[in-house]
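The values are calculated or read from the model by the stated rules, or taken from the named source; none is laboratory data. The structure presented is a predicted model; accordingly, all values stated were derived computationally and were not measured. A quick note on method: Cβ atoms are made from the backbone with ideal geometry, for glycine too, and the neighbour counts reach across all protein chains shown.
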Amino acid sequence: MPAFTTTNPVIVWFRSTDLRLSDNPALHAAASLGVPVLPLFVLEEVAGDPRPLGGASRWWLHGSLERLAADCAALGSPLILRRGDPAAEIDALRRASGAATVLWNRRYSPIHTARDAAIKDGLKRDGVEARSFCAHLLAEPWTVQNKSGGPFKVFTPFWRNLSADLAPPAPLPVPERLIPPASAPASDRLADWGLLPTAPDWAGGLRAAWVPGETAARARLTAFLEGPVATYATDRDRPDMMGTARLSPHLAFGEISPRQIWHATRHSADAHPERQKGAESFLREIGWREFNHHLLHHAPHMLDQPLDDRFADFPWLSDADGLAAWRRGRTGYPIVDAGMRELWETGWMHNRVRMIAASFLVKDLLLPWQVGEQWFWDTLVDADPANNAGGWQWVAGCGADAAPFFRVFNPVLQGEKFDPEGDYVRRFVPELRHLPSRWIHKPWEAPADVLRRAGLRLGDHYPKPIIDHGLARNRALTLFAERKGQT
Ligand code: FAD
């Protein structure tokens, strides 16, 4: 990319995937020009947007912007907030400020790549310098290719290829200062955007669980690398432990970059060999994030259509009661219900439990994965188009490199294996808290006197299973086998 200079102000267009000052190539490039920098965030409201932010993401965005605004102001140039069509807002700001350059970091979901390309073309037509940078991924989706120059469809060779000689550039520092424009441009008030829920305010559990923003992201990474990373390879599957990094919302909103994570993890493992195994396993999961973005770039339809087109006309059921029970965490299967309640309460769910809960919706209830994907989209603070669709399709068995169709998660065995004492279930399903561990994942099998001593009336305090898992499993296997031509 040829170097460029300007004596005019520069607009840095922040988006909801790069809300940070450190390792921010667009901001860094702008600050090094030595001219006024206008940091801009546009709450995008474009007619026909198929995927507006979900409720939990809106809550997160508010907190993240609050912190970014404080950080920009501390560097010297306050964040400018606008809402509407980003093309029109950028245009208005550059005309008002005399900016002749607009910089941003690239995003990768299909609707956004198309929108950004159109904006770049429009700016260039108007003689404005428009440049974009890589900041959200270790490697951009089109740079990783298989031997025949095509995209990968299976994770292991993808990761082998990408990680073989991966040497991401060192993270960029926070600019020392941002020169403000001569006069402050108009800005909306964040509070007027209504991103926070009010009537009712359902965000109490989110506030208790999370602190959005770059500083909190860095603190989480540090805490993870000083503790859980050493045992991550084994503990990452245990929802009853704090065995994973819980960085996903920070990554989704770009409060921390994968490059920062990669370098900090490598550095930590080099200095402490006992962390090596966990570090490898952790970076492999960061690799799954890269893989899902790779898939989405090459198959944009995966957002709402199966990657395996044999599933295009799968005879999904429609079951409003079953769906409501799943959403509310009242299926009668404790590990599924704990997960769905964790999601509702905190905006996050442990990965192992995401797989179990998703499998239950798709394979036990035979409801379309897209319905689950939409619920997650609305309720997850880490909702990410590539990872969410990728995760759902993997569980449903219709994705690239999907779990085999005959893998139907058994909610009892999974609970007993990964939450052996039932601590996770007791935390999120308090009506089961007095049940002994032996019965916590299958209360319907507990003898009457055990239930009585636990103060539990099934079907009253807590539901009986809404479906028999064994029968549901056989029904799913028959249907899935037909799809795969394996009957
Ligand atoms: P860690 O285990 O500490 O991993 C570190 C980071 O690696 C994560 O923050 C995440 O960015 C990435 N990562 C970890 N596991 C996966 C994975 N299986 N696939 C892709 N990336 C991964 N993740 C999202 O970020 N957003 C989503 O909307 C999302 N939806 C999902 C839906 C389903 C049905 C399933 C099965 C998984 C989904 N995941 C999603 C992936 C995964 O569950 C979360 O990334 C993980 O639980 C986040 O917790 P963590 O930060 O503690 O992860």
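Taking the criterion of being part of a helix (DSSP H, G or I) and of a type in the set (Val, Ile, Thr), the residues of segment 218-245 that qualify are 222, 229, 231, 234. Residue 220 meets the stated requirement of being under 24 Å from the mean Cα position of the chain (by Cα) and among the basic types (Lys, Arg). Tallying residues that are under 16 Å from residue 384 (Cβ atoms) and in a loop (DSSP other than H, G, I, E, B) within segment 41-74 yields 5. Restricting attention to segment 439-459, the residues being at positive phi and crowded, with 19+ Cβ neighbours inside 10 Å number 0.
Whether a residue is more than 30 Å from residue 136 (Cα to Cα) and among the β-branched types (Val, Ile, Thr) was assessed, and residue 429 passes this test.
When restricted to residues that are of a type in the set (A, V, I, L, M) and either within 19 Å of residue 382 (Cβ to Cβ) or out of contact with any Pro (no Cβ under 9 Å at 6 or more places or on another chain) (or both), segment 44-55 contains 2. Taken over segment 360-375, residues that are touching a Gly at 6+ places or on another chain (Cβ under 8 Å) and either modelled with pLDDT under 95 or within 12 Å of the ligand (Cβ to nearest atom) (or both) amount to 2.
Within segment 169-182, restricting attention to residues that are under 13 Å from residue 263 (Cα atoms) and touching a Ser or Thr at 6+ places or on another chain (Cβ under 9 Å), the residue that is surrounded by the fewest Cβ atoms within 10 Å (Cβ to Cβ) is 171. Every test in (1) assigned to a helix (DSSP H, G or I); (2) aromatic (Phe, Trp, Tyr); (3) in contact (Cβ under 8 Å) with a residue 60 or more places away in the chain is passed by residue 360 save one, and that test is (3).
Select from segment 343-357 the residues that are within 8 Å of the ligand (Cβ to nearest atom) and outside any loop (DSSP other than H, G, I, E, B) and write down the one among them that is surrounded by the fewest Cβ atoms within 10 Å (Cβ to Cβ). This residue is 351.
Consider segment 236-257 and keep the residues that are more than 9 Å from the ligand (Cβ to nearest atom) and buried (at least 20 other Cβ atoms within 10 Å of the Cβ). The one that is nearest to residue 417 (Cα to Cα) is 239. Where residues in segment 263-295 are hydroxyl-bearing (Ser, Thr, Tyr) and either within 11 Å of the ligand (Cβ to nearest atom) or under 18 Å from residue 139 (Cα atoms) (or both), which of them is surrounded by the most Cβ atoms within 10 Å (Cβ to Cβ)? Ranking the qualifying residues of segment 263-295, first place goes to 265. Taken together, the residues in segment 203-226 that are within 12 Å of the ligand (Cβ to nearest atom) and over 14 Å from residue 346 (Cα atoms) amount to 6. Screening residue 97 on (1) within 30 Å of residue 247 (Cα to Cα); (2) modelled with pLDDT of 95 or more shows it passes everything except condition (1). Look at residue 314 and say whether it is near the ligand (Cβ under 9 Å from one of its atoms), among the hydrophobic types (A, V, I, L, M, F, W, C) and in contact (Cβ under 8 Å) with a residue 60 or more places away in the chain. Answer is no for this residue. Residues of segment 457-470 include at least one that is closer than 14 Å to residue 363 by Cβ, assigned to a helix (DSSP H, G or I) and touching a residue at least 60 places away in the same chain (Cβ under 8 Å).
Please find, among 95, 131, 67, 125, the residue that is in contact with a helix residue (DSSP H, G or I) (Cβ under 7 Å, 6 or more places away or on another chain), under 29 Å from residue 183 (Cα atoms) and of a type in the set (D, E, K, R). Matching residue, one of 95, 131, 67, 125: 67. Considering each residue of segment 88-100 in turn, none proves to be within 20 Å of residue 386 (Cα to Cα) and buried (at least 20 other Cβ atoms within 10 Å of the Cβ).
Kindly evaluate residue 260 against the criterion of being closer than 24 Å to residue 143 by Cα and either part of a loop (DSSP other than H, G, I, E, B) or within 15 Å of the ligand (Cβ to nearest atom) (or both). Considered against the rule, which asks whether it is closer than 24 Å to residue 143 by Cα and either part of a loop (DSSP other than H, G, I, E, B) or within 15 Å of the ligand (Cβ to nearest atom) (or both), residue 260 comes out as yes. One residue alone among 199, 191, 130 is over 23 Å from the mean Cα position of the chain (by Cα) and in the same structural domain as residue 21 (by the TED database), and that residue is 130.
Among the conditions (1) small (Gly, Ala, Ser); (2) away from the ligand (no atom under 11 Å from the Cβ); (3) in contact with a Ser or Thr (Cβ under 7 Å, 6 or more places away or on another chain), the only one that residue 233 does not satisfy is (2).
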